[in-house]
Amino acid sequence: MKKLFKCSVCNYIHEGADAPDTCPKCGVPKDKFVELSSEEAQKVYDSERTNDIHMEMITLAERIVKLAQEGIGINLDPPCVSAFEKAKNEVYVIKQRSKAELEGHVKKGKW
Ligand SMILES: [Zn+2]
């Protein structure tokens, strides 16, 4: 299993057998990197996957908003327009919830 090393200055995370010679983000030398425990590493991988899922949900929500908007524009009949308007509002909540969760993860270093 690959190891994870975290830059203690900027929090850049490197994956590999050893820490990089210099941090690709802030340029500090290798000795500023700390190896993460396997538990910490697992948390990093779980966070990555979870954040990817949130981002995909945000993308899908944006797609649904566009589709609903198109349906509203066609304006076939009032119940149809109402269904699209409701979908648009509901998916907006899904999108904002995932965005808020992502922001929370970033602040807690789960990135
Ligand atoms: Zn760094």
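The values are calculated or read from the model by the stated rules, or taken from the named source; none is laboratory data. A quick note: this is a predicted structure, and the numbers were derived from the prediction, not measured. A quick note on method: Cβ atoms are made from the backbone with ideal geometry, for glycine too, and the neighbour counts reach across all protein chains shown.
Restricting to the range 37-58, count the residues that are surrounded by 11 or more Cβ atoms within 10 Å (Cβ to Cβ) and among the basic types (Lys, Arg).
1
Within the range 11-68, track down each residue that is away from the ligand (no atom under 11 Å from the Cβ) and of a type in the set (Ser, Thr, Tyr).
Ser37, Ser38, Tyr45, Ser47, Thr50, Thr59
Considering (1) loosely packed, with under 14 Cβ neighbours inside 10 Å; (2) under 12 Å from the mean Cα position of the chain (by Cα); (3) among the β-branched types (Val, Ile, Thr); (4) modelled with pLDDT of 95 or more, say which one Val34 fails and leave the rest.
For Val34, the exception is condition (2).
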